[in-house]
1. Out of the residues in the range 171-186 meeting the condition of being aromatic (Phe, Trp, Tyr) and touching a Ser or Thr at 6+ places or on another chain (Cβ under 7 Å), tell me which one is nearest to Lys156 (Cα to Cα).
2. How about the range 287-316: which of its residues are within 23 Å of the chain's Cα centre (by Cα), within 23 Å of Gln246 (Cβ to Cβ) and of a type in the set (Ser, Thr, Tyr)?
3. Hey, can you tell me all the residues within the range 26-50 that are part of a helix (DSSP H, G or I) and surrounded by 15 or more Cβ atoms within 10 Å (Cβ to Cβ)?
4. Name every residue in the range 169-187 that is in contact with a helix residue (DSSP H, G or I) (Cβ under 7 Å, 6 or more places away or on another chain) and either among the small types (Gly, Ala, Ser) or without any contact (Cβ under 8 Å) to a residue 60 or more places away in the chain (or both), in order of residue number.
5. Of all residues in the range 217-239 being outside any helix (DSSP H, G or I) and among the charged types (D, E, K, R), which is surrounded by the fewest Cβ atoms within 10 Å (Cβ to Cβ)?
6. Could you check how many residues of the range 76-116 are of a type in the set (Ser, Thr, Tyr) and in a loop (DSSP other than H, G, I, E, B)?
7. Out of the range 211-239, which residues are in contact (Cβ under 8 Å) with a residue 60 or more places away in the chain and basic (Lys, Arg)?
Amino acid sequence: MFLKRILLGIALLSGLQLSATVLASQSEMSFEQYLDGLRLQALKEGISQGFVDKSFANIKLFKKALVNDQELAPQTLEHYLPSLVSDALVEQSRALYKANKAEFDRLGKQYQVQPRFVIALWGVTSSLGLDVGDYPVLTVVASNAYRGDNEAFYRKEFIAGLKILQSSDIEFSALKSNWSGKMGYPHFSPTDYASYAQDGNGDGQIDIWTNLSDAFASTANYLKQLGWNDEGTWGRQVQVPKDISQDLVGLATQKPFLQWQELGVRRFDGSDLPKVKGMQVSLIMPDGITGRKYLVYDNYRALLKWHSSDYFALSLTYLSERIKYPAID
């Protein structure tokens, strides 16, 4: 039995197709058998035997684990934006900024990301930290990998989580996530945490779950690495002629404001577009000609690198505008 489990683990690690007459398929494999493959992969990745044994002793099948983390696309932005970005969320976001303004402004200047965008990102991802979860992330990602949907992704996250624990003072139970393996205020994956997490208050620890300074610095650092430029904003809602060519719509087309002005595009209030030379912007219409239209800038493209969804990015920017106006002293 033990030899069979080891062979199963080796086959998982190498990616070989196994004959059903020789070994059980992954769907027939027990969670314990699946963990044998993860153990072998962890050892191959340079994680010590002692640490593997200690960590795996704590891993149980997470029965609430889900692997289908797909968005249910809402019908239109007109309905989606006010439902996701409620007045309550706006007030909570503004209150969070006001209560921590000096610290958030300091970190915003240090990482060159405006605080309102960091707070807005928290709002649409983790509900300002309410959805950070209380499950050991290794248990969650191992269980999600075992269930098979997007297995390669979750296996990678599992190894990243192991490496975080081995190289830090974080305890197994303290590396927490929600049901999908997303951690802390910014909903980082373990690989995100390893790449972008920052010590925002200089205490030698990185806590993106309860420490607002660390969570802010880590989120801002990620945005900066994605190409964020705090000298500009994300874009603006506009009006367009009803007969505008669909060939002009989409991020693949970039034109200066002057050319969009000549094509009949105007600010949402009908006034002329900004007279900014050299800046290349794109026209998007997520709901088509009858829906909302936007001219979007490079910072918008950075948000799409975080999560490739216009609805996600526009929800974030909508909340950021509600945080900005009226101004918070």
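1. Among residues in the range 171-186 that are aromatic (Phe, Trp, Tyr) and touching a Ser or Thr at 6+ places or on another chain (Cβ under 7 Å), the one nearest to Lys156 (Cα to Cα) is Phe172.
2. Of everything in the range 287-316, those that are within 23 Å of the chain's Cα centre (by Cα), within 23 Å of Gln246 (Cβ to Cβ) and of a type in the set (Ser, Thr, Tyr) turn out to be Tyr294, Tyr297, Tyr300, Ser308, Ser309, Tyr311.
3. Those that are part of a helix (DSSP H, G or I) and surrounded by 15 or more Cβ atoms within 10 Å (Cβ to Cβ): Gln26, Gln33, Tyr34, Leu35, Asp36, Gly37, Leu38, Arg39, Leu40, Gln41, Ala42.
4. Ile170, Leu175, Lys176, Ser177, Gly181, Met183, Gly184 - these are the residues of the range 169-187 that are in contact with a helix residue (DSSP H, G or I) (Cβ under 7 Å, 6 or more places away or on another chain) and either among the small types (Gly, Ala, Ser) or without any contact (Cβ under 8 Å) to a residue 60 or more places away in the chain (or both).
5. Once the filter is applied, the top-ranked residue is Glu231.
6. So the answer is 2.
7. Across the range 211-239, the qualifying residue is only Lys224.
Let's see how each residue does on (1) aliphatic (A, V, I, L, M); (2) without any contact (Cβ under 8 Å) to a residue 40 or more places away in the chain:
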residue: Tyr111; (1), (2): no, no
residue: Gly129; (1), (2): no, no
residue: Leu138; (1), (2): yes, no
residue: Val141; (1), (2): yes, no
residue: Glu157; (1), (2): no, yes
residue: Ala160; (1), (2): yes, yes
residue: Lys163; (1), (2): no, no
residue: Ser167; (1), (2): no, yes
residue: Ser195; (1), (2): no, yes
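The values are calculated or read from the model by the stated rules, or taken from the named source; none is laboratory data. Bear in mind the structure is a predicted one, so any value in this text is a computation, not a measurement. Neighbour counts run over all protein chains shown; Cβ positions are idealised from the backbone, glycine included.
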